[in-house]
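Asks: The structure follows.
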Amino acid sequence: MNSFKEKFIQNFIEEDRWMYLVNGLKTTLIITVLAVLIGIALGFVIAVIRTTHDKTGKLKFLNLIAKVYLAVVRGTPVVVQLLIIWFVVFAYPTASLLVAAVITFGLNSAAYVAEIFRSGIMSIDNGQFEAGRSLGFNYIQTMIYIVFPQAFKNVLPALSNEVVVLLKETSVAGYIGVQDLTRGGDIIRSRTYEAFLPLLAVAIIYFTIVTVLTWLISKLERRLRNSDH
Amino acid sequence: MTTNKETLIQVTDLQKSFKNLDVLKGITTDINKGDVVVVIGPSGSGKSTFLRTLNLLEVPTSGTIMFEGVNITDKHVDINIHRQKMGMVFQQFNLFPHMTILKNMTIAPIKLLKKSKEEAEAKAMELLKRVGLEDRAEAYPSQLSGGQKQRIAIVRALCMEPDVMLFDEPTSALDPEMVGEVLQVMRDLAKDGMTMVIVTHEMGFAREVANRVMFIDEGVIMEEASPEDFFNNPKSDRLKDFLSKVL
Ligand SMILES: Nc1ncnc2c1ncn2[C@@H]1O[C@H](COP(=O)(O)OP(=O)(O)OP(=O)(O)O)[C@@H](O)[C@H]1O
Ligand SMILES: [Mg+2]
């Protein structure tokens, strides 16, 4: 027991090592939140391009670009994408690691969010679309007033799940030297030559956030189901 | 055809193919103001396709449709403007499930006709009263019976103050005991002088309300007549055969 106390002090209290975890968590959360925003915005645009093409046959060229984009992003590991963004696309030492990470995870998430939105839009019965058009709404108005609100409600669970996945995926940001939560624990390990406690602490923090998020999502889902009209 | 009648929709040699399936093979007819045209025919004969080309939900392969003097099959015409004047009622109701009944009825007049919320709601409430559903204004579609949904779908279309109403088998998805209430709304509408084109299997309704009955078979209008002639003196063998099966 004594040795646990010593080890705890050595790993977290001495030289304020706990700050590696706090600052790392901050970085992890910043990357996740910004990447989610990029992912949702870009993913939405891609989904609209893809579904508009499927429904109307228009936007052929944009649809082709979108399809290639989805295939490439979903067909390669996110770590490789991260390395390419940092060492090939950014490729100069003054660039911000954090920005590189945000962009990578944002662009990566967009591909998955796009497919979530797309399946949501396609899940809305075509009769809804036709009813909108028959009232005189144009394509865009029909989408905005009638299709998107229903589609969005349908995909909220999948979308929330993507946030959880993304949060965990950002743990590879350390590959290019971003000091996120995982890297924070790893730095402590390299200082104290003690692996168990710092990594356990990191795992507990991820687990806690994921558990809270999951709980919030299921609450939201229940609320949505109750207001299911 | 008498000349004192104003032509509302003029259909000329309308053809529609899906890939290599020719569904409409040249349909020519006039829909006059105040007409109640009932369209009947075997399953798959192209009745729905014909109705849906009238407001361009299906784009014709060839032929023209003049609506109120405008060739709406012309690519340069803004079809959305003209659709506002053509109400449509679907077999599956297609109410918007995420909106209340009142919102279902007012969203188009507010967004498209630029009516004020008060004005649109007043009109909607008046129509709801006419179909006996004014107490359901704040309900959601999932809380209504099929017959109620279809009556709402009809008045939702009426909120746009259309010049013609298109019905595609409006009672086919209903439990038998709810058919009557929907037909009653349509009967009242006809009495008020609304121009209507109705695809239906309700022969009694056709006999009673229509002024013209049209038999579509194999993509053409095989026969057309007043209800009396249509049901009592069918001319073509196809129609005789069809009527012997459904009557
Ligand atoms: N979007 C489409 N794509 C391909 N084929 C279609 C499409 N819509 C209709 N068809 C075909 O066109 C033919 C006519 O269909 P339509 O729905 O107009 O018939 P209908 O007379 O309304 O039949 P029902 O009484 O069963 O409703 C059918 O063979 C149908 O399968
Ligand atoms: Mg049909």
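Asks: Considering only residues of region B:156-171 that are in a loop (DSSP other than H, G, I, E, B) and within 10 Å of another protein chain (Cβ to nearest Cβ), which is farthest from ligand 1 (Cβ to nearest atom)?
Replies: Among residues in region B:156-171 that are in a loop (DSSP other than H, G, I, E, B) and within 10 Å of another protein chain (Cβ to nearest Cβ), the one farthest from ligand 1 (Cβ to nearest atom) is B:159.
Asks: Another question, if that's okay. Given the condition of a type in the set (A, V, I, L, M), in contact (Cβ under 8 Å) with a residue 40 or more places away in the chain and either within 30 Å of residue B:58 (Cβ to Cβ) or surrounded by fewer than 17 Cβ atoms within 10 Å (Cβ to Cβ) (or both), answer yes or no: does some residue in region A:47-57 qualify?
Replies: Looking through region A:47-57, at least one residue is of a type in the set (A, V, I, L, M), in contact (Cβ under 8 Å) with a residue 40 or more places away in the chain and either within 30 Å of residue B:58 (Cβ to Cβ) or surrounded by fewer than 17 Cβ atoms within 10 Å (Cβ to Cβ) (or both).
Asks: Does any residue of region B:50-62 turn out to be near ligand 1 (Cβ under 9 Å from one of its atoms) and not charged (D, E, K, R)?
Replies: Looking through region B:50-62, at least one residue is near ligand 1 (Cβ under 9 Å from one of its atoms) and not charged (D, E, K, R).
Asks: Something else now. Considering only region A:187-221, state which residues are aromatic (Phe, Trp, Tyr) and touching a helix residue (DSSP H, G or I) at 6+ places or on another chain (Cβ under 9 Å).
Replies: A:196, A:206
Asks: List, please: which pairs have Cβ atoms under 9 Å, are six or more places apart or on different chains, and start with a residue in region B:197-224 that is under 19 Å from residue B:185 (Cα atoms) and within 14 Å of chain A (Cβ to nearest Cβ) and end with one that is away from ligand 1 (no atom under 13 Å from the Cβ) and in a helix (DSSP H, G or I)?
Replies: none
Asks: Going by the structure shown, is residue B:39 within 16 Å of ligand 2 (Cβ to nearest atom), under 21 Å from residue B:195 (Cα atoms) and either more than 14 Å from every other protein chain (Cβ to nearest Cβ) or in contact with a Ser or Thr (Cβ under 7 Å, 6 or more places away or on another chain) (or both)?
Replies: The answer is yes for residue B:39.
Asks: From A:119, A:123, grab the single residue that is under 30 Å from residue B:52 (Cα atoms), out of contact with any Lys or Arg (no Cβ under 9 Å at 6 or more places or on another chain) and more than 14 Å from chain B (Cβ to nearest Cβ).
Replies: Residue meeting the stated conditions: A:119.
Asks: Would you call residue A:183 basic (Lys, Arg), within 14 Å of chain B (Cβ to nearest Cβ) and buried (at least 16 other Cβ atoms within 10 Å of the Cβ)?
Replies: no
Asks: Hey, another quick one. Only one residue in A:184, A:106, A:132, A:120 is touching a helix residue (DSSP H, G or I) at 6+ places or on another chain (Cβ under 9 Å) and within 17 Å of residue A:49 (Cα to Cα), so which one is that?
Replies: Selected residue: A:120, the only one of A:184, A:106, A:132, A:120 that is touching a helix residue (DSSP H, G or I) at 6+ places or on another chain (Cβ under 9 Å) and within 17 Å of residue A:49 (Cα to Cα).
Asks: Follow-up question, since we're still on this one. Can you tell me which residue within region B:107-138, out of those that are surrounded by 19 or more Cβ atoms within 10 Å (Cβ to Cβ) and closer than 22 Å to residue A:151 by Cβ, is nearest to the other protein chains (Cβ to nearest Cβ)?
Replies: The selected residue is B:108.
Asks: Does at least one position in region A:47-56 carry a residue that is modelled with pLDDT under 95, among the hydroxyl-bearing types (Ser, Thr, Tyr) and not in a helix (DSSP H, G or I)?
Replies: Checked against the condition, which is being modelled with pLDDT under 95, among the hydroxyl-bearing types (Ser, Thr, Tyr) and not in a helix (DSSP H, G or I), region A:47-56 yields no hits at all.
Asks: Go through region B:28-49 residue by residue and tally those that are more than 15 Å from ligand 1 (Cβ to nearest atom) and either part of a loop (DSSP other than H, G, I, E, B) or among the acidic types (Asp, Glu) (or both).
Replies: Selection size over region B:28-49: 4.
Asks: Within region A:197-227, track down each residue that is surrounded by 11 or more Cβ atoms within 10 Å (Cβ to Cβ) and within 14 Å of another protein chain (Cβ to nearest Cβ).
Replies: The answer is A:224, and nothing else.
Asks: While we're looking at this one, here's another question. For region B:78-99, enumerate the residues that are within 16 Å of ligand 2 (Cβ to nearest atom) and among the polar types (S, T, N, Q).
Replies: B:91, B:92, B:94
Asks: Here is a further query. Among the numbered conditions (1) assigned to a helix (DSSP H, G or I); (2) under 25 Å from residue A:49 (Cα atoms); (3) out of contact with any helix residue (DSSP H, G or I) (no Cβ under 6 Å at 6 or more places or on another chain), tell me where residue A:99 comes up short.
Replies: So the condition that residue A:99 fails would be (2).
Asks: Could you list all residues from region B:184-210 that are away from ligand 1 (no atom under 14 Å from the Cβ), farther than 19 Å from residue B:127 by Cβ and among the charged types (D, E, K, R)?
Replies: The answer is B:207, B:208.
Asks: Please give the number of the condition residue B:52 fails out of (1) assigned to a helix (DSSP H, G or I); (2) more than 13 Å from chain A (Cβ to nearest Cβ).
Replies: Condition (2) is where residue B:52 drops out.
Asks: Kindly indicate whether any position in region B:45-55 is away from ligand 2 (no atom under 13 Å from the Cβ), over 19 Å from residue B:238 (Cα atoms) and crowded, with 17+ Cβ neighbours inside 10 Å.
Replies: yes
Residue-wise test of (1) within 16 Å of ligand 1 (Cβ to nearest atom); (2) small (Gly, Ala, Ser).
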{"site": "B:173", "(1), (2)": "yes, yes"}
{"site": "B:182", "(1), (2)": "no, no"}
{"site": "B:212", "(1), (2)": "no, no"}
{"site": "B:219", "(1), (2)": "yes, yes"}
{"site": "B:240", "(1), (2)": "no, no"}
{"site": "B:243", "(1), (2)": "yes, no"}
{"site": "B:247", "(1), (2)": "no, no"}
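Asks: Let me ask you something else. Considering only residues that are assigned to a helix (DSSP H, G or I), charged (D, E, K, R) and surrounded by 15 or more Cβ atoms within 10 Å (Cβ to Cβ), which ones fall in region B:188-236?
Replies: If the condition is that a residue be assigned to a helix (DSSP H, G or I), charged (D, E, K, R) and surrounded by 15 or more Cβ atoms within 10 Å (Cβ to Cβ), then B:207 is the only one that fits.
The values are calculated or read from the model by the stated rules, or taken from the named source; none is laboratory data. These numbers come from a predicted model, not from an experiment. Every residue, glycine as well, gets a Cβ built from its backbone with ideal geometry; the counts of neighbours run over all protein chains shown.
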